[in-house]
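Right, one structure below, let's go through it.
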Amino acid sequence: MTAGTTDVLVVGAGPTGLVLAADLARRGVRALLVERAESLFPGSRGKGLQPRTQEVLYDLGVLDAIHAAGTPYPKMRVWEGDEPGQEWDMMQRSEPTEQVPFTEGWLIPQARTQAVLYARLRELGGDVRFGCALAGLDQDADGVTAAFEDGARVSARFVVAADGGRSTVRRVLGIGMTGETVDPKPMLVADVRVTDDAPVPDTHWHVWPKAADGGVAFCPLPSDEGRVFQLAAQYADESAVPDTSPAGVAKLLATRTTLAEEHVAEVLWASDFRARAAMADRFRAGRVFLAGDAAHIHSPAGGQGLNTSVQDAYNLSWKLAAVLAGAPAGLLDTYEEERLPIAADVLGISTRIHRASAAGAHTQRGDEVKQLALGYRESALTRETRTGLPEDALRAGDRAPDGRRGGVRLFDVYRGPHWTLLAVGTEAGLPELAGDAVRTARIPAYEAYGTGVFLVRPDGYVAWAGETAEGVVEYLAETGVAGA
């Protein structure tokens, strides 16, 4: 890679970096996405997409491809040695509603999610530069210069660290991580292709919680490579060293489950880890931002890590684009303000679920893991101008629900890089705004919103709400939105 310049340098082409780069690309921002490895991550690690993440991917125009590449979660099946036993749903089942069209998690290996996002990035004119290992950063009031191990240098207005839990960017910045070991026992995770006669049907997620050397979970994965399962195995002995070799993985399955070694046709990917919960002491240092695992590390329990990371990218991308287009630089202060407390709360959820599962509880994941109730009511960006609202009323800072009224689907109205000024069940006048940064729409009264005027942010949250549009132009001007 030769020297160059860009508006935003994104370090790390995992789900966080790919979402960020794709969203910047559709906003016309020059962004360079670099990745240390020679290719995208090949395994299943983050294999579940929560409902709120599916809404983000709908907005990005990739949800159909995501759904085609994955499946609903299967039922769990508990085994006692070679005997199948109780079946149950890990994920709470619920029917879609008008307000919440996606109500259940979606099972899709991380590699497949990344492939869909990468295809979308390239469709939007972006790409990934592989084999680019960051060596250092130097920043001043005007920008950041990144040095790479091959001697290349890149100048950028802003840098986003999306380079994982062992983030080079975070280390270079000297930002610490505060956290705890969720479980001191080592774990092994692997993607395993099994033979057609392997005695585990693809219809269930199989668990052996009482295996002698530690519990095992074996989850079927959508795959074009035959019958592939994700193996997650815990070791009862804290001093154990997981054997991630193909022979070691096959031996573990033969020792702890109903499979024999000959049922393992291929180990596609394997890794070991200890479950931790940790969060960066800050999410920003000058012109450099931390997102995803670089900012917070989760236990895999509850499927929160990848999903929280996607939300980080979705929150940050529109703010970077706005500031690059002339909005006040203070807008970027709201990234850490909004995302840090949410990451802290979600870390608590992951940790509780992990410890309950490790104790042998059949914990069913409910609404708390879906991320639909997360919002920004206390944000400096939020303005609620109405008074006397019922307790359950939609307020500024909340997720803007979907719905169909007057021949309009709201998620289609919101879809894209713009803000939306929505009049619901009112004839209140809406201001005429120059340009296309803010689009306007009217729908009949809708119980999910009540009545009034709602300004919806590009990331799908209500920024401003009022009985009329009085004050919204001033809010837009203060925020620096073009056209106000």
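List of remarks:
- The combined condition, being polar (S, T, N, Q) and under 30 Å from V241 (Cα atoms), is not fulfilled by T97.
- Complete set of residues in segment 280-302 that are open to solvent by less than 30 Å² (accessible area, probe 1.4 Å) and either free of Cβ contacts under 8 Å to residues at least 12 places away in the same chain or over 22 Å from Y461 (Cβ atoms) (or both): A280, A285, V288, A294, H298, S299, A301, G302
- Test: residue in segment 308-321 that is hydroxyl-bearing (S, T, Y), more than 19 Å from Y335 (Cβ to Cβ) and outside any strand (DSSP E or B): no
- Of the strands (runs of 3 or more DSSP E) lying entirely inside segment 24-127, those carrying at least 2 residues that are buried (at least 21 other Cβ atoms within 10 Å of the Cβ) are 31-35.
- Condition met for A291 (aliphatic (A, V, I, L, M) and farther than 23 Å from W106 by Cβ): no
- Filter result for the condition that a residue is modelled with pLDDT of 95 or more, out of contact with any His (no Cβ under 6 Å at 6 or more places or on another chain) and crowded, with 19+ Cβ neighbours inside 10 Å, over A147, A190, A198: A190
- Restricting segment 132-144 to residues that are assigned to a strand (DSSP E or B) and more than 19 Å from A13 (Cα to Cα), the residue that is most open to solvent (accessible area, probe 1.4 Å): D138
- Set D213, D183, D197, D202: member being out of contact with any strand residue (DSSP E or B) (no Cβ under 9 Å at 6 or more places or on another chain), in contact (Cβ under 8 Å) with a residue 12 or more places away in the chain and either farther than 27 Å from L33 by Cα or of a type in the set (F, W, Y) (or both): D197
- The single condition among (1) more than 30 Å from the chain's Cα centre (by Cα); (2) β-branched (V, I, T); (3) within 24 Å of A322 (Cβ to Cβ); (4) open to solvent by 20 Å² or more (accessible area, probe 1.4 Å) that V472 does not meet is (4).
- Pairs where the first residue, in segment 95-117, is in contact (Cβ under 8 Å) with a residue 12 or more places away in the chain and the second is open to solvent by 30 Å² or more (accessible area, probe 1.4 Å) and not charged (D, E, K, R), C-beta under 6 Å, 6+ apart: T103/S94; T103/P96; L107/T71; A111/P42; Q114/L40; V116/A65
- Every condition in (1) out of contact with any Gly (no Cβ under 6 Å at 6 or more places or on another chain); (2) of a type outside the set (A, V, I, L, M, F, W, C); (3) in a loop (DSSP other than H, G, I, E, B) is met by D163 except one, and the failing one is (1).
- In segment 391-421, the residues that are among the hydrophobic types (A, V, I, L, M, F, W, C) and touching a helix residue (DSSP H, G or I) at 6+ places or on another chain (Cβ under 7 Å): A400, F411, L421
- G179 meets the stated requirement of being modelled with pLDDT under 95 and open to solvent by 40 Å² or more (accessible area, probe 1.4 Å).
- Taking the listed residues A212, A232, A240, the one that is part of a strand (DSSP E or B) and open to solvent by 20 Å² or more (accessible area, probe 1.4 Å) is A232, with no other qualifying.
- Strands (runs of 3 or more DSSP E) enclosed by segment 258-299 - at least 1 residues per element that are aromatic (F, W, Y): 264-273, 288-290
- Index of the failed condition, D224 passing every other in (1) farther than 16 Å from K75 by Cα; (2) modelled with pLDDT of 95 or more: (2)
- If only residues of segment 166-176 that are without any contact (Cβ under 8 Å) to a residue 60 or more places away in the chain and under 24 Å from the mean Cα position of the chain (by Cα) are counted, the one that is surrounded by the fewest Cβ atoms within 10 Å (Cβ to Cβ) is R166.
- In segment 1-23, of all residues being outside any loop (DSSP other than H, G, I, E, B) and out of contact with any helix residue (DSSP H, G or I) (no Cβ under 8 Å at 6 or more places or on another chain), the one that is farthest from A322 (Cα to Cα) corresponds to G4.
The values are calculated or read from the model by the stated rules, or taken from the named source; none is laboratory data. The structure presented is a predicted model; accordingly, all values stated were derived computationally and were not measured. For neighbour counting, all protein chains shown are included, and Cβ atoms are generated from backbone atoms with ideal geometry for every residue, glycine included. SASA here: full protein model, heavy atoms, side chains in, ligands and nucleic acids out. Shrake-Rupley method; radii C 1.70, N 1.55, O 1.52, S 1.80 Å.
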